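Working notes, structure below.
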Amino acid sequence: SFIGEESVAAGQRSVLTDNPTWIIDPIDGTTNFVHRFPFVAVSIGFVVNKKIEFGIVYSCIEDKMYTARKGKGAFCNGQKLQVSGQEDITKSLLVTELGSNRDPETIKIILSNMERLLSIPIHG
């Protein structure tokens, strides 16, 4: 099976089943792309029994290929990635995405979450 982000965004309904399924977003960061903001990628995932098996993200502008496989770790251009050992959130940098849904209830939830996050003394 195939699920394409652009077709879902256009209103087509997709249902994730137990079948092996490719999930593809050929322009991940469509809004960035439209505005010529250089954070755009091609994202591909493969799911079996509704569980991610592996994913690939190609950052076109940076020419970086990110890959990850369940139980095998994540890599960037073949180099193993690992998370930092930082456990103190006050020494962290917060990065967030607001999404494109402008439904009033969704906006209310997003802003409430942002308020909670911004009350933490983080770096930025």
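How would M114, M65 line up by accessible area, probe 1.4 Å, largest first?
Sorted descending by solvent-accessible area, the residues read M65, M114.
Suppose a student asked you for the relative contact order of the chain, using Cα pairs under 8 Å spaced at least 6 residues apart; what percent would you report?
On the way: 170 pairs, mean separation 17.1, N = 124.
Computed value for the chain: 14 percent relative contact order.
Test of understanding: express the Cα radius of gyration of the chain as a ratio to 2.2 N^0.38 Å, with N the residue count.
1.25
Determine the share of region 83-123's accessible area contributed by carbon and sulfur atoms, expressed in whole percent, with a 1.4 angstrom probe.
Whole-percent figure for carbon plus sulfur exposure: 58.
Let me know the longest stretch in the chain that avoids all GluC sites (Glu not before Pro) found in a DSSP loop with at most 14 other C-beta atoms within 10 Å.
The longest such stretch corresponds to 1-61.
For the chain, what is the accessible area per residue in Å², given a 1.4 Å probe and the full set of protein chains?
78 Å²
The values are calculated or read from the model by the stated rules, or taken from the named source; none is laboratory data. Just so you know, these numbers come straight off a predicted model, no measurement behind them. Methodologically, a virtual Cβ is constructed for each residue, glycine included, from the backbone with ideal geometry; neighbour enumeration extends over all protein chains shown. SASA here: full protein model, heavy atoms, side chains in, ligands and nucleic acids out. Shrake-Rupley method; radii C 1.70, N 1.55, O 1.52, S 1.80 Å.
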